[in-house]
1. Give Ala123, Ala172 a once-over and let me know the one that is more than 22 Å from Ser377 (Cα to Cα), in contact with a Leu (Cβ under 9 Å, 6 or more places away or on another chain) and modelled with pLDDT under 95.
2. For the list (1) touching a residue at least 12 places away in the same chain (Cβ under 8 Å); (2) among the charged types (D, E, K, R); (3) closer than 18 Å to Pro193 by Cα, I need the number of the one condition that Lys98 fails.
3. Which of the helices (runs of 4 or more DSSP H) contained wholly in segment 344-410 include at least 3 residues that are modelled with pLDDT under 95?
4. What are the pairs with Cβ atoms under 9 angstrom where one residue, in segment 27-54, is of a type outside the set (A, V, I, L, M, F, W, C) and the other, located anywhere, is assigned to a loop (DSSP other than H, G, I, E, B) and surrounded by 18 or more Cβ atoms within 10 Å (Cβ to Cβ)? Sequence gap at least six, or different chains.
5. So which residues in segment 134-168 are surrounded by fewer than 24 Cβ atoms within 10 Å (Cβ to Cβ), of a type in the set (S, T, N, Q) and either in contact with a Ser or Thr (Cβ under 9 Å, 6 or more places away or on another chain) or closer than 25 Å to Ala390 by Cβ (or both), if there are any at all?
6. Looking at Leu237, Leu288, can you tell me which residue is of a type in the set (A, V, I, L, M), without any contact (Cβ under 8 Å) to a residue 24 or more places away in the chain and either surrounded by 24 or more Cβ atoms within 10 Å (Cβ to Cβ) or not assigned by TED's automatic domain parsing to the domain that holds Gln214 (or both)?
7. Yes or no: segment 174-183 includes at least one residue that is under 19 Å from Thr120 (Cα atoms), without any contact (Cβ under 8 Å) to a residue 60 or more places away in the chain and part of a strand (DSSP E or B).
8. Looking at Val131, is it under 20 Å from the mean Cα position of the chain (by Cα), at pLDDT 95 or above and surrounded by 18 or more Cβ atoms within 10 Å (Cβ to Cβ)?
Amino acid sequence: MRERGYYGDFGGAYIPEILVPTFDELTEAFAAAQADPDFLREYEALMANYSGRPTPLTYAENLTRHFGGARIYVKREDLNHTGAHKANNVMGQGLLVKRMGKQRVIAETGAGQHGVATATMAARFGLECTVYMGEVDVARQRPNVFWMEQLGAEVVPVTDGTRILKDAINEAFRDWVTNMDTTHYVLGTACGPHPFPAMVTWFQSIVGREARRQVLEEAGRLPKRIYACVGGGSNALGIFSAFLEDAGVELVGVEAGGHGLETGEHAARLASDDASVGVAQGYKTFFLQDADGQMRETHSVAAGLDYVGVSPILSHLRETGRVRFEAATDKQVVDAMTLTLRKEGLIPALESAHAFVRAFEEAPTLSSDDVIVINQSGRGDKDIFTVADALDDPGWREFVRQKAAEYDDA
């Protein structure tokens with residue numbers, strides 16, 4: 001353990017000795033970048049000219065009318081390049097890779113959005129790229145796997161353990177230990193050993209800075225509440241970061257309730273009593289683990305939310321009471337996504353739809369003078385297979401059957 005990178009009792013850098021020089025190099029490079037105005041200008045110019053920032057804050061007029069109560073605004077990270085907030089962190093880390101002179105990047109991914117963003121960054125900067133992805137997630141996020149490969153990345157299905165995100169992270173760390181001289185691990189969320197939680201949050205804070213400016217310009221006031229889904233925590237910390245000092249703004253993180261908290265088939269670390277504090281994958285936080293410290297199986301309809309741990313920063317913010325955590329079930333998520341499609345023509349990712357669930361439940365209880373903001377962290381076209389299956393759409397099933405028959409005939 002190294003005595004830095006703590007948020008209250010959570011965080012740290014529990015890493016093997018062989019990785020200490022690599023983490024020292026990364027920590028020093030990040031600190032130098034933070035202190036360099038030229039780096040921030042280069043980063044903001046890249047995000048504007050390559051990624052399309054700022055993303056808009058959209059007034060959801062139809063949903064506001066439907067529910068009554070608070071005015072609903074949606075922060076549109078789905079319009080960021082590659083379709084999610086992931087590009088904010090990845091492009092920033094790509095600039096650090098250039099500073100450090102590394103030639104290769106590796107990444108883990110669950111829903112595939114971080115993998116696509118990393119592969120995009122690698123193509124942009126001319127880097128070799130390998131993405132580790134649990135075998136289960138490879139199957140349910142095939143469109144993203146296709147794009148990663150077309151972008152030139154090698155996608156490695158992970159067959160160990162439960163074959164989801166935590167197992168992909170383990171494989172990425174194994175790769176890094178072997179290739180640390182030439183390789184940078186582009187960790188995709190605000191978890192892992194220091195400095196990753198601080199670094200990912202810093203790059204994602206561009207979301208919060210934009211949202212704060214936009215809501216004051218468009219609504220004339222700060223929001224009553226901000227809702228964001230929580231897997232590892234990067235999109236939530238990104239938008240929450242600009243409002244942490246505003247006591248009148250309630251911050252609400254929504255985790256994966258899966259089949260229901262009572263079933264144990266979920267991924268709610270901070271919104272349930274099923275998690276406990278432990279140390280794994282290089283840091284200390286709440287994990288879904290058994291009495292022996294073995295990681296439990298998780299479940300979510302959203303591939304990006306079924307991680308066993310959570311950002312140490314969010315664990316600290318829960319302990320201090322600054323962020324409230326709730327959970328949304330798979331069924332609630334699909335229903336909220338469907339309603340958003342029909343009412344606003346917006347297509348939130350299944351991950352993002354968790355935040356919509358809680359916002360929809362609470363908006364009617366607030367005044368029409370109140371404003372709430374939902375962070376739409378990604379777009380839902382990546383989830384077409386999962387959503388079509390959940391809705392039992394007959395047209396989609398017939399399409400899949402026809403395509404399967406064509407391949408069989410070929």
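1. On the way: Ala123 fails: modelled with pLDDT under 95.
After applying the criteria, what remains is Ala172.
2. (3)
3. Working: elements: 350-362, 384-391, 394-409.
Correct list: 384-391, 394-409.
4. Going by the 9 Å Cβ cut-off, the qualifying pairs are Thr27/Gly5; Thr27/Ala13; Thr27/His194; Thr27/Pro195; Glu44/Arg53; Ser51/Asn80; Gly52/Asn80; Arg53/Asn80.
5. The one that is surrounded by fewer than 24 Cβ atoms within 10 Å (Cβ to Cβ), of a type in the set (S, T, N, Q) and either in contact with a Ser or Thr (Cβ under 9 Å, 6 or more places away or on another chain) or closer than 25 Å to Ala390 by Cβ (or both): Thr162.
6. Working: Leu237 fails: without any contact (Cβ under 8 Å) to a residue 24 or more places away in the chain.
Sole residue among the options that is of a type in the set (A, V, I, L, M), without any contact (Cβ under 8 Å) to a residue 24 or more places away in the chain and either surrounded by 24 or more Cβ atoms within 10 Å (Cβ to Cβ) or not assigned by TED's automatic domain parsing to the domain that holds Gln214 (or both): Leu288.
7. no
8. Values: under 20 Å from the mean Cα position of the chain (by Cα): yes; at pLDDT 95 or above: yes; surrounded by 18 or more Cβ atoms within 10 Å (Cβ to Cβ): yes.
Yes; evaluated as a whole, the condition is true for this residue.
The values are calculated or read from the model by the stated rules, or taken from the named source; none is laboratory data. Owing to the predicted nature of the structure, the values given are computational and were not obtained by experimental measurement. All Cβ positions, even for glycine, are placed from backbone atoms using ideal geometry, and neighbour counts span all protein chains on display.
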